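Undergrad: This structure is in structure tokens; I'll ask about it shortly.
The values are calculated or read from the model by the stated rules, or taken from the named source; none is laboratory data. Computed from a prediction, not measured in an experiment: that's the story for all the values here. Note that we place each Cβ from the backbone using ideal geometry, even for glycine, and neighbour counts take in every protein chain shown.
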Amino acid sequence: MNYLMPLLLLVVSNIFMTFAWYGHLKLQQINVFTDHTPLVLVILCSWLLALPEYMCQVPANRLGFAGNGGVYTIMQLKIVQEVISLSVFTLFVTLFFRGESLHWNHLAAFGCLVLAVYFAFLK
């Protein structure tokens, strides 16, 4: 469980983060937000999603960090978080933005991230 809980919290955190950062673009496409929607309103809506993100991100790092009894170094937590972030983002874009597509270079970049995780966990 020491291995899994921080990772699950990071996944949930990144789902909220992706919706906070990019969800407004989809809402603009479907005319929930328009070009005339005040930017401050869009930012406030994003902040509402950012709060649950932080409510998962901070505990994930505290629980996962070896200095607090977790099993991951700070570097491992950050690299894993980046891979989770890009994985969630890729799913989000694929599901919600039909005009965007994955290309070979995106997959190659993701492969490099997987290698980064491998090297970060190498003893």
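Undergrad: State which residue is nearest to K78 (Cα to Cα) when the search covers only segment 13-44 and only residues that are of a type outside the set (G, A, S) and surrounded by 18 or more Cβ atoms within 10 Å (Cβ to Cβ). Please lay out each step first, then the result.
TA: Within segment 13-44, the first condition is being of a type outside the set (G, A, S), and the residues that meet it are 14-19, 21-22, 24-44.
Checking which are surrounded by 18 or more Cβ atoms within 10 Å (Cβ to Cβ) leaves us with 14-19, 24, 33.
Numbers: N14: 12, I15: 16, F16: 17, M17: 15, T18: 17, F19: 20, H24: 26, F33: 33 Å.
Here the residue is N14.
Undergrad: Could you please find all residues in segment 45-55 being surrounded by fewer than 15 Cβ atoms within 10 Å (Cβ to Cβ) and of a type in the set (S, T, N, Q)?
TA: none
Undergrad: Just the residues that are part of a helix (DSSP H, G or I) and either surrounded by 17 or more Cβ atoms within 10 Å (Cβ to Cβ) or without any contact (Cβ under 8 Å) to a residue 40 or more places away in the chain (or both), please, taken from segment 56-67.
TA: Kept after step one, since they are part of a helix (DSSP H, G or I), are these residues of segment 56-67: 56-64, 66-67.
Matches in segment 56-67: C56, Q57, V58, A60, N61, R62, L63, G64, A66, G67.
Undergrad: Of the numbered conditions (1) modelled with pLDDT of 90 or more; (2) assigned to a helix (DSSP H, G or I), G70 fails exactly one; give the number of that condition.
TA: With (1) modelled with pLDDT of 90 or more; (2) assigned to a helix (DSSP H, G or I) applied to G70, the lone miss is (2).
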